[in-house]
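The values are calculated or read from the model by the stated rules, or taken from the named source; none is laboratory data. Computed from a prediction, not measured in an experiment: that's the story for all the values here. Neighbour counts are summed over all protein chains in view; Cβ atoms, including those assigned to glycine, are modelled from backbone coordinates with ideal geometry.
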Amino acid sequence: MNPFTYEYPVHVHFDAGSLEKALVSELPKYGKHVLLAYGGGSIKRTGLYDKLKSLLAVAGKEVYDFGGIMSNPTYAKVQEGAKLAREHKVDFILAVGGGSVIDCCKVVSVQAKTDKDIWALEYEEKGKPEAGIPFGAIVTASGTGAEMNNGAVITYEERGQKSPLWGSFADFAILDVETMLTLPKKQVISGAFDTLSHAMETYFGSPRTPNLSDEMGEAVMRSVIRNLRRVVKDEKDVEARSELAWASAMAENGILKLGKVTDFQAHMIEHQLGAFTNCNHGAGLAVIHPALYRHLAKAAPQQFARLATEVFGVDAAGRSEAELALALPEALAAFIKEIGMPTTLAELGITDDAILRKTADTCILTPGCAKKFTRDEVYAILQECK
Ligand code: NZQ
Ligand code: ZN
């Protein structure tokens with residue numbers, strides 16, 4: 001294990017049906033002016049918006065709406081939110097949604113507190129934001145674990161980049177699975193696959209020898225696979241959805257990453273694919289992972305073989321470590337097919353080679369990956385996803 005320091009700032013409320021109780025306990029801690037942030041309208045259709053408005057009114061809050069946060073949130077939307085927050089002297093941001101709304105709010109929180117352009121601050125000056133407006137997250141779609149960390153993924157359309165930005169940690173996160181039950185089945189599965197991807201991309205980082213963080217990661221992955229099978233049968237299975245919501249949080253609250261340098265190469269490729277095509281995050285990952293892992297397995301055979309046997313149930317009898325390592329991408333591909341996720345870029349409507357070339361040429365190449373890919377190899381991997 002590499003050395004680390006550990007501190008965790010998010011106050012987590014995890015309980016089905018607990019939303020009202022949790023929110024009422026948190027609201028008095030924050031000021032009067034509240035930015036209520038949400039996505040494209042699901043919270044209005046489900047009745048959650050009216051419920052929150054009334055809880056905020058009873059708590060004596062002055063509420064300003066910041067709606068229409070799109071999936072794969074843009075930098076322009078961040079600036080819109082920051083402007084609103086400054087204009088209304090907002091004391092507190094309530095982010096209600098999935099990863100897109102929560103990520104957008106993490107960066108709104110810090111952008112509203114500085115005149116500097118956050119993108120320039122982080123990418124050009126290599127600085128980090130120093131202050132942020134407090135914010136709380138009500139998770140309506142689990143999978144990204146965005147409520148548990150201070151990294152956001154934002155699309156800067158004019159630059160053709162979907163990239164990580166540091167923002168604020170949520171002061172609190174409410175994981176009430178009852179607010180998630182209206183999520184369409186396809187998105188439930190896509191979100192859960194994203195969690196599996198986070199755990200795998202953490203696992204395949206370094207050190208490459210067995211360690212406690214990875215053993216905990218194996219437990220999280222087994223749980224995701226088991227519960228994904230349950231939600232494929234019934235997406236309203238509350239127990240399975242609760243397990244998936246907590247697995248989502250566990251994969252991104254930093255615990256599995258302690259003492260590790262993570263990989264996240266599949267994510268970096270998918271993010272750029274998302275920048276050029278706006279594809280669904282979990283679906284993009286499902287297409288990329290098996291092809292990427294066929295290229296990676298030989299570079300980290302011990303880890304690949306272990307994941308194959310310990311998590312995907314591949315029978316080790318009579319097989320060498322190298323053979324077991326190569327069996328992992330195939331077991332993963334079979335699982336993706338089993339849960340009905342897309343397996344080709346064509347299924348995502350992506351057929352243009354120029355987009356694949358741009359994706360390969362602009363994605364971040366991660367230092368924690370077992371193999372340093374060339375841009376041509378990333379392009380070859382994307383070709384194999386067609
Ligand atoms: O926008 P609305 O109308 O609310 O609809 C959303 C959206 O269309 C809908 N939805 C959410 N909760 C619902 C619901 N529909 C019905 N009932 C509910 N309870 O679901 C759709 C998808 O939501 P979105 O937030 O876009 O999805 P997800 O949670 O997968 O977030 C994706 C974003 O998170 C980033 C991704 O790159 C992507 O931009 N990620 C953030 C991470 C982080 N900060 O740690 C890690 C991830 O790797 C990921 O990169
Ligand atoms: Zn992800």
Just for the range 135-183: of the residues that are acidic (Asp, Glu) and closer than 16 Å to Ile93 by Cα, which one is nearest to ligand 1 (Cβ to nearest atom)? Glu147
Considering Lys61, Lys113, which residue is more than 10 Å from ligand 1 (Cβ to nearest atom), modelled with pLDDT of 95 or more and either in the same structural domain as Asn278 (by TED's automatic domain parsing) or more than 23 Å from Ala22 (Cβ to Cβ) (or both)? Lys113
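So that you can scan it fast, the table gives a plain yes or no per residue for (1) out of contact with any Gly (no Cβ under 8 Å at 6 or more places or on another chain); (2) modelled with pLDDT of 95 or more; (3) at positive phi; (4) among the aliphatic types (A, V, I, L, M):
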{"position": "Ser142", "(1), (2), (3), (4)": "no, yes, no, no"}
{"position": "Ile154", "(1), (2), (3), (4)": "yes, yes, no, yes"}
{"position": "Val177", "(1), (2), (3), (4)": "yes, yes, no, yes"}
{"position": "Thr182", "(1), (2), (3), (4)": "yes, yes, no, no"}
{"position": "Ala192", "(1), (2), (3), (4)": "no, yes, no, yes"}
{"position": "Thr209", "(1), (2), (3), (4)": "yes, no, no, no"}
{"position": "Gly217", "(1), (2), (3), (4)": "yes, yes, no, no"}
{"position": "Val224", "(1), (2), (3), (4)": "yes, yes, no, yes"}
{"position": "Val232", "(1), (2), (3), (4)": "no, yes, no, yes"}
In this structure, is Gly191 of a type outside the set (S, T, N, Q), touching a Ser or Thr at 6+ places or on another chain (Cβ under 6 Å) and assigned to a loop (DSSP other than H, G, I, E, B)? no
Flag for Thr195 being within 11 Å of ligand 1 (Cβ to nearest atom), of a type in the set (Val, Ile, Thr) and within 15 Å of the chain's Cα centre (by Cα): yes
Lone qualifier among Glu310, Glu243, Glu218, Glu235 - being within 15 Å of ligand 1 (Cβ to nearest atom) and in contact with a helix residue (DSSP H, G or I) (Cβ under 6 Å, 6 or more places away or on another chain): Glu235
Counting only residues that are under 27 Å from Asn2 (Cα atoms) and within 16 Å of ligand 2 (Cβ to nearest atom), give me the helices (runs of 4 or more DSSP H) lying completely in the range 257-368 with at least 2 of them. 265-277, 281-296
How about the range 273-289: which of its residues are away from ligand 1 (no atom under 11 Å from the Cβ), buried (at least 23 other Cβ atoms within 10 Å of the Cβ) and not hydrophobic (A, V, I, L, M, F, W, C)? His289
Regarding the range 110-133, can at least one residue be identified that is hydroxyl-bearing (Ser, Thr, Tyr) and part of a loop (DSSP other than H, G, I, E, B)? yes
Residue in the range 70-80 that is part of a strand (DSSP E or B), closer than 29 Å to Met250 by Cβ and small (Gly, Ala, Ser) present: no
Of (1) of a type in the set (A, V, I, L, M); (2) more than 16 Å from ligand 1 (Cβ to nearest atom); (3) within 30 Å of Asp103 (Cα to Cα), Ile269 fails just (2)
